[in-house]
Amino acid sequence: MSPTTENVTVLDAMVIGAGVAGLYQLHRLREMGMSVRAYETATGVGGTWYWNRYPGARFDSQAEIYQYWFSEELYKSWKPSERFPAQPETEEWLNFVADRLDLKKDIQFSTRIASAHYDEETGRWNVTTDAGEHINCQFLVACCGMLSAPLENRFKGQQTFKGEVYTTGLWPKGEVNLKGKKVAVIGTGATGIQVIQTIAPEVGSMKVFVRTPQYIIPMRNPKYSEQDWAGWCDRFNELKAKVRTTFAGFDYDFHDKAWADCSVEERQALLEDRWENGSLALWLASFPEMFVDEGVSEEISEFVRGKMRSRLGNDERLCDLLIPDKDDYGFGTHRVPLENKYLEVYLQDNVEAVDCQAAPIQEFVPEGIKTADGTVHEFDVIILAIGFDAGSGALSRIDFRGRGNRSLKEQWQQEITTAMGMQIHGYPNLFTTGAPLAPSAALCNMTTCLQYQVDWITNCIDHAIKNGKKVVEVSQETETQWVEHHDEVASKTLVVKTDSWYMGSNVEGKPRRLISYIGGVGNYHKHCDEVAAEGYPGFEMR
Ligand code: NAP
């Protein structure tokens, strides 16, 4: 049935999602005087920080830079309790922001967007929700998140398991009792590591199914006093300017002296200093050569392996299982997790690391998990920390149809492309944040990059309106140029040689391409700023 004007909500603009980007996008478009609403699947705001409420969830950007920068007053009126606050505090903070800006009245919760079809005659989008509601809007901004399509139901026989199964990215709101239970954790990415180290003291026993070992960095997470936070507040303008220019949107950046120009002692001192920092600085504020030079990559990898070995004592089996081998992949060629006594968990008597490279998980059975060597591992609870269909997954679940009824899902099953991660040729008036081929898809402190994209999109829409234009669509040529530039930069790095969600290799059949722009946040912003300053060449307005 085609919608009639009586049962259609007609808007100037619509935002999908009420996470970090969606909240700010709603605020910006509303400030422009547009009729705008946001639609959100969850019952509350937060996005990632709503869904990922698994034990131990916390971010690993420091609280002083995981911030909104558009209001100094807002920054100063929230005091984080520690350097890397946990999920409940971050969800609380995003609720505080939404309440301060009075955003909730314009957000429809518990609503999943099912489809969005572009009408070429009107230049507007017809959107439907899973409840059959219809929305008609001119501009559609999809702030769906880069890690919001969790992989679930991935194992044969999963429904036959008699115990409880939890997916970290869909963790229930109520209490989950793991006390004294026999628990399995599948996955040792950033999520699995946080879960494992957090639940270890309460479970009866735990088996961790380890497939690919991880390089890790111990997190240093001091509490923040009033005085500490006042110190950060004094630096608001400096931090705000800095995070926009660095490689990964943090307040730190790569060392200014080349690896080759440093003595062995200087290199060692710098690596030790960054390690002691207890943040991602060892990765994103040491030597950029680690991303492109195999020799440097190996030396830094060995530095980390040495630190890890010393924590696992002489346990050769554990070292083999948990520490990446020289031939596996280099430090930092996929996401490096921060941790807190994660390795020590495996030294507990009631914890076992199961080598599921040697004997992969075959299927779930009523008692637990059966591995390829025929062993049935019995459990009460199985926790899936197996990751996400990153970058493209959240957008592909919506049936986006652009000009000529083209399907974004079908298109991205062949090849994932965007222009600067913010528009896709053939989908006029659709804008995206956190989408593939921008730093915000992975290689950025998320608040830095998402706010930048929201500002750029808002200014682009404003420019179109002020010039009497109704439709904005990136040209094929501009998109292709961006994709070629993206690929050229990526191809020079070692990142493209490592299998991970960065390359889409964690999802069967996903086209291989680095999901995130790796030319640096500062360079990305410079490029996007130039496009805006020149009046958006390549973004056709009609
Ligand atoms: P992930 O990095 O993709 O890790 C998924 C894990 O599941 C990997 O260890 C993977 O092993 C394993 N796995 C998947 N299928 C498996 C199978 N069939 N059998 C055995 N193991 C299997 O996902 P994630 O840990 O959820 O992290 C995703 C991203 O979220 C992170 O990289 C990070 O950007 C973000 N995150 C951030 C924070 C933070 O800020 N502190 C916390 C959590 C997550 P293989 O590697 O062998 O495929």
Note to self: Given the options Ile461, Ile424, name the one that is within 29 Å of Ser491 (Cβ to Cβ) and either open to solvent by less than 10 Å² (accessible area, probe 1.4 Å) or basic (Lys, Arg) (or both).
What the structure shows: Ile424
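Okay, residues lined up against (1) within 28 Å of Val195 (Cβ to Cβ); (2) not acidic (Asp, Glu):
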{"position": "Lys207", "(1), (2)": "yes, yes"}
{"position": "Tyr215", "(1), (2)": "yes, yes"}
{"position": "Lys223", "(1), (2)": "yes, yes"}
{"position": "Trp229", "(1), (2)": "no, yes"}
{"position": "Glu289", "(1), (2)": "no, no"}
{"position": "Phe303", "(1), (2)": "yes, yes"}
Notebook entry, point to check: So which pairs qualify, if the first residue must be in region 162-177 and of a type outside the set (Ser, Thr, Tyr), the second must be within 16 Å of the ligand (Cβ to nearest atom), the Cβ gap must be under 6 Å, and the two must be at least 6 apart or on different chains?
Noted result: Gly163/Phe379; Val165/Ile382; Gly169/Trp51; Gly169/Asn52; Gly169/Pro150; Leu170/Pro150; Trp171/Arg53; Trp171/Tyr54
Note to self: Quick check on this structure: which one of Thr498, Thr418, Thr478, Thr493 is within 20 Å of the chain's Cα centre (by Cα) and either away from the ligand (no atom under 16 Å from the Cβ) or not β-branched (Val, Ile, Thr) (or both)?
What the structure shows: Thr418
Checklist line | Among (1) closer than 21 Å to Ala441 by Cα; (2) more than 12 Å from the ligand (Cβ to nearest atom); (3) open to solvent by less than 10 Å² (accessible area, probe 1.4 Å) - the single one Val183 does not satisfy | finding: (1)
Notebook entry, point to check: In region 481-490, which residue that is open to solvent by 60 Å² or more (accessible area, probe 1.4 Å) and farther than 12 Å from Gly519 by Cβ is nearest to the ligand (Cβ to nearest atom)?
Noted result: Glu484
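Condition check: part of a strand (DSSP E or B) and either within 16 Å of the ligand (Cβ to nearest atom) or closer than 20 Å to Thr371 by Cα (or both). Does Phe155 satisfy that? Reasoning before the result, please.
Values: part of a strand (DSSP E or B): no; either within 16 Å of the ligand (Cβ to nearest atom) or closer than 20 Å to Thr371 by Cα (or both): yes.
No, not satisfied.
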Note to self: Considering only region 379-391, I want to know if a residue exists there that is among the aromatic types (Phe, Trp, Tyr) and either away from the ligand (no atom under 16 Å from the Cβ) or at pLDDT below 95 (or both).
What the structure shows: no
Next item on the list: Considering every residue within region 58-75, establish whether at least one is under 29 Å from Ile515 (Cβ atoms), within 15 Å of the ligand (Cβ to nearest atom) and open to solvent by 30 Å² or more (accessible area, probe 1.4 Å).
Entry: yes
Check: Out of region 76-95, which residues are within 15 Å of the ligand (Cβ to nearest atom) and free of Cβ contacts under 8 Å to residues at least 60 places away in the same chain?
Finding: Pro85, Ala86, Gln87, Pro88, Glu89, Thr90, Glu91, Trp93
Note to self: Pairs please, first residue from region 43-58 and modelled with pLDDT of 95 or more, second anywhere and assigned to a loop (DSSP other than H, G, I, E, B) and within 9 Å of the ligand (Cβ to nearest atom), Cβ atoms under 6 Å, 6+ apart in sequence or on different chains.
What the structure shows: Arg58/Phe84
Next item on the list: Name the single residue, out of those in region 403-419 being touching an Asp or Glu at 6+ places or on another chain (Cβ under 9 Å) and in a loop (DSSP other than H, G, I, E, B), that is surrounded by the most Cβ atoms within 10 Å (Cβ to Cβ).
Entry: Thr418
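Would you check if there is a residue in region 23-45 being within 16 Å of the chain's Cα centre (by Cα) and crowded, with 21+ Cβ neighbours inside 10 Å?
Here is the first cut: in region 23-45, the ones within 16 Å of the chain's Cα centre (by Cα) are none.
Checked against the condition, which is being within 16 Å of the chain's Cα centre (by Cα) and crowded, with 21+ Cβ neighbours inside 10 Å, region 23-45 yields no hits at all.
Residues are listed down the side, and each one gets a yes or a no for (1) more than 16 Å from the ligand (Cβ to nearest atom); (2) part of a strand (DSSP E or B); (3) in contact with an Asp or Glu (Cβ under 6 Å, 6 or more places away or on another chain):
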position	(1), (2), (3)
Ser115	yes, yes, yes
Trp125	yes, yes, no
Gln138	yes, yes, yes
Leu147	no, no, no
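So, in region 265-306, how many residues would count as being β-branched (Val, Ile, Thr) and either open to solvent by 10 Å² or more (accessible area, probe 1.4 Å) or not in a helix (DSSP H, G or I) (or both)?
Residues of region 265-306 β-branched (Val, Ile, Thr): 292, 296, 300, 304.
From the residues that got through so far, the ones that are either open to solvent by 10 Å² or more (accessible area, probe 1.4 Å) or not in a helix (DSSP H, G or I) (or both) too are 292.
Count: 1.
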Next item on the list: Kindly list the number of the only condition in (1) hydrophobic (A, V, I, L, M, F, W, C); (2) within 13 Å of the ligand (Cβ to nearest atom); (3) outside any loop (DSSP other than H, G, I, E, B); (4) surrounded by 22 or more Cβ atoms within 10 Å (Cβ to Cβ) that fails for Ala353.
Entry: (4)
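I'm checking my understanding of the structure. Among residues of region 189-205 that are in a loop (DSSP other than H, G, I, E, B) and open to solvent by 10 Å² or more (accessible area, probe 1.4 Å), which one is nearest to the ligand (Cβ to nearest atom)?
Top of the filtered list is Gly189.
The values are calculated or read from the model by the stated rules, or taken from the named source; none is laboratory data. Keep in mind that what you see is a predicted model, and the values were worked out from it rather than measured. Glycine also receives a Cβ, built like all others from the backbone with ideal geometry; neighbour counts cover every protein chain displayed. Ligands, DNA and RNA are excluded from the accessible area calculation, which covers all protein heavy atoms including side chains. Shrake-Rupley method; radii C 1.70, N 1.55, O 1.52, S 1.80 Å.
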